[in-house]
Amino acid sequence: MDVAAETVCELLDKVFQGERLTQDDAIRLFYSDDLLALGLAADFIRQKFHPGGSVTYIVDRNINYTNVCNVECSFCAFYRAPREQDVYLHAYEVLDKKIEETLALGGTGILMQGGLHPELKIEWYEALLRHIKSKYSIWIHGLSPPEIVNICKVSHLALPVVMERLIAAGLDSLPGGGAEILADRVRNIISPRKCTSAEWLAVHEEAHRQKLRSSATMMFGHVETLEERAEHMQKIRDMQDQTGGFMSFICWTFQPENTLLQCDPATGADFLKTLAISRIFLDNIENVQSSWLTQGLKLGQVALRFGANDMGSVMIEENVVSAAGANYRATEEDLRRLIQDAGFHPLKRDTIYRILEN
């Protein structure tokens, strides 16, 4: 489907007039080739949300407490089946060391996720959360929706009960991992044993009902259609209209190395287009992150002019995406320099986007 430049201009005029785009409008933008026009419109929306000329970043750490997983997603190079030789389940001593290193580097939070372990019941997660909170003053952004669904199944408990107990034990906010593409045709191909799109949304809805903030994500550039990318964004926007609980949106490109799902990696232009459209379409989510981990620091910097207002994390540790071939790394100084060189003022934040340092 070719979309004329005049049509793109008409759609973007709606944006500049403050009108909300429809899902069909988003599809038309995906089929357009006017990348710069999309970038300008996304930058306009970014400035409406964040008029001060600043870009935020965070110092935190990804901690994967186990690589044991029983769903065998074809896009994942990180998981190990329960009986493989190189499986692990970190002891408290290992986790403590990682947290102490994070705090020593000025970190304020941990992103704690793992595989879908077939034997760990809710009591194990409660004990882990309480252990961390008893020893450290650190924010726990943890347990993605597929993990929550798995805990419900293994523990034979309803979702509201599981969520309430995890929050009581110390869970502070919920990551958006496991969304991939919220279209079940796609999920049946790349992750047929993982939670459905409805289950992913239900976890966030329940988290928001219990006053837990969360992030929304999208992994694209594999078997999905452009129409399904727009469908994914529509579902996120509808949920935000209903609950207001999403604090950010992060999209990144699928990395095929070492995975069963082989396809050509998404281009930098595709990443910037998708990012820009997400910023334009998700008019009810305040923060959009530049996912430099899969596209590299330079393109992550360019993303700051395509709608992103946040540079993300220094990634003290990252295991899942790097297992699939993405090996970019950055220090706090790197992120601050990149933000400044792009013409912005860097601000250090915490997990829920509270400013910590100028």
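If I fit a long axis through the Cα atoms of helix 197-209 and take the longest principal axis of the Cα atoms of the chain, what angle between them do I get, 0 to 90°, rounded to 10?
The angle comes out at about 80 degrees.
Roughly how big is the chain's charge dipole about its Cα centre, with Cβ charges of +1 (Lys, Arg) and -1 (Asp, Glu), in debye to the nearest 20?
840 debye
Within 10 Å of each candidate Cβ there may be at most 10 other Cβ atoms; applying that plus a DSSP loop requirement, which GluC sites (Glu not before Pro) in the range 108-147 survive?
E119
Using a Förster distance of 45 Å, how high is the FRET efficiency between A168 and E10, based on the Cβ-Cβ distance and rounded to 0.05?
It comes out at approximately 0.30.
Mind sorting Y353, Y65, Y92 by how few other Cβ atoms lie within 10 Å of their own Cβ, fewest first?
Listed from fewest to most nearby Cβ atoms, that is Y92, Y353, Y65.
Need the list of lysines near K14 for cross-linking: C-alpha distance under 30 angstrom, and skip anything on the same chain fewer than eight residues off.
K48, K235, K273
What is the angle, in °, between the Cα long axis of helix 122-135 and the longest principal axis of the Cα atoms in the chain? Nearest 10 is fine, range 0 to 90.
90 degrees
Can you tell which of R185, R229, R28 shows the greatest fluctuation in a Gaussian network model of the chain with Cα springs below 10 Å?
R185
Please build a GNM for the chain, connecting alpha carbons under 10 Å apart, and tell me which residue among I285, I250, I138 fluctuates the most.
Among I285, I250, I138, the largest mean-square fluctuation in the Gaussian network model of the chain belongs to I138.
Which residue, S137, S291, S173, has the most motion in a Gaussian network model of the chain that connects Cα atoms within less than 10 Å?
Result: S137 has the largest fluctuation of those listed.
Between T22 and E101, how many nm apart are label points set 7 Å from Cα along the C-beta direction?
The two pseudo-label positions are separated by 5.2 nm.
Please give the helix 159-169 orientation as an angle from the longest Cα principal axis of the chain, in degrees from 0 to 90, rounded to the nearest 10.
70 degrees
Less than 13 Å Cβ to Cβ from L347, Lys/Arg counted +1 and Asp/Glu -1: what total charge do the surrounding residues give?
The answer is 0.
Once both labels are modelled 7 Å past Cα along the beta-carbon direction, what's the C263-R354 spacing in nm?
Calculated label separation equals 4.0 nm.
Taking the alpha-carbon distance from K97 and a cut-off under 15 Å, which aspartates and glutamates remain once sequence neighbours fewer than 8 residues away in the same chain are dropped?
Correct list for K97: D60, E317.
Just want the answer: with Cβ charges of +1 for Lys and Arg and -1 for Asp and Glu, which residue in V94, A342, M163 is farthest toward the dipole's positive end in the range 52-357?
Farthest towards the positive pole: M163.
By how many nm would the segment from D86 to S54 grow when fully extended, if each residue of separation counts as 0.36 nm and the alpha-carbon distance is taken off?
Length gained between D86 and S54: 7.2 nm.
On a C-alpha basis, how far is the centre of the range 130-153 from the centre of the range 190-233 in Å? Whole number, if you could?
When both Cα centres are located, 19 Å separates them.
Before rounding to the nearest 500, sum -39500 (n - 2.57) across all DSSP H runs of length at least 4 in the chain and divide by the residue total; then give [θ] at 222 nm in deg cm²/dmol.
-13500 deg cm²/dmol
Throughout, read-outs are computed from the coordinates displayed, never taken from laboratory work. Just so it is clear, the structure is predicted and the values come from calculations on it, not from any experiment. Because the Cβ atoms are built from the backbone with ideal geometry, glycine has one as well, and the counts that use them run over all protein chains shown.
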